[in-house]
1. Which residue pairs have Cβ atoms under 6 Å apart, sit 6 or more places apart or on different chains, and have a first residue in region 39-65 that is touching a residue at least 24 places away in the same chain (Cβ under 8 Å) and a second that is among the small types (Gly, Ala, Ser)?
2. Look at residue 49 and say whether it is in a helix (DSSP H, G or I), in contact with a strand residue (DSSP E or B) (Cβ under 9 Å, 6 or more places away or on another chain) and either surrounded by 11 or more Cβ atoms within 10 Å (Cβ to Cβ) or modelled with pLDDT of 90 or more (or both).
3. With the requirement that a residue be within 30 Å of residue 84 (Cα to Cα) and either exposed (fewer than 12 other Cβ atoms within 10 Å of the Cβ) or over 15 Å from the mean Cα position of the chain (by Cα) (or both), what does region 1-29 give you?
4. Being part of a helix (DSSP H, G or I) and among the small types (Gly, Ala, Ser) is the filter; apply it to region 30-46 and report the residue that is surrounded by the fewest Cβ atoms within 10 Å (Cβ to Cβ).
5. Return the residues of region 21-46 that are modelled with pLDDT under 95 and in contact with a strand residue (DSSP E or B) (Cβ under 9 Å, 6 or more places away or on another chain); say none if nothing qualifies.
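The values are calculated or read from the model by the stated rules, or taken from the named source; none is laboratory data. Remember, predicted model here, so these are calculated numbers, not experimental data. Neighbour counts are summed over all protein chains in view; Cβ atoms, including those assigned to glycine, are modelled from backbone coordinates with ideal geometry.
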Amino acid sequence: MIGLTTKQSRLLSYLTGYIESTGGVAPSFDEMMSHLRINSRGTLFNRLRALEERGRIRRAPNRARAIEIVDVGPLHTVSTADLIAELERRRVGSVQTNPEIMGA
């Protein structure tokens with residue numbers, strides 16, 4: 001599982017609340033920086049990129065305020081190790097060597 005840092009979680013929480021309260025419009029970079037007390041656009045960009053890489057947001061290239069929150073569902077919060085342990089507990093077979101489960 002790829003978790004979020006505390007700062008990434010704060011950004012995601014802010015984005016979610018803002019987008020819900022404005023009917024789908026994302027905040028500007030300046031609004032995000034002000035709310036999160038970030039002084040550098042680069043820092044904000046890195047946090048947004050991390051959220052995008054982790055599948056928590058989608059951004060449209062070259063468009064202002066084009067951020068969409070991705071519904072990750074409940075399994076996204078469960079670690080891979082916990083999922084493997086549960087599958088093995090249910091005797092699905094050896095998850096580590098089963099090519100169907102491992103995507104081979």
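1. The qualifying pairs are 65/26.
2. Spelling it out, residue 49 is indeed in a helix (DSSP H, G or I), in contact with a strand residue (DSSP E or B) (Cβ under 9 Å, 6 or more places away or on another chain) and either surrounded by 11 or more Cβ atoms within 10 Å (Cβ to Cβ) or modelled with pLDDT of 90 or more (or both).
3. Hits for region 1-29 are 2, 3, 5, 6, 13.
4. 42
5. 24
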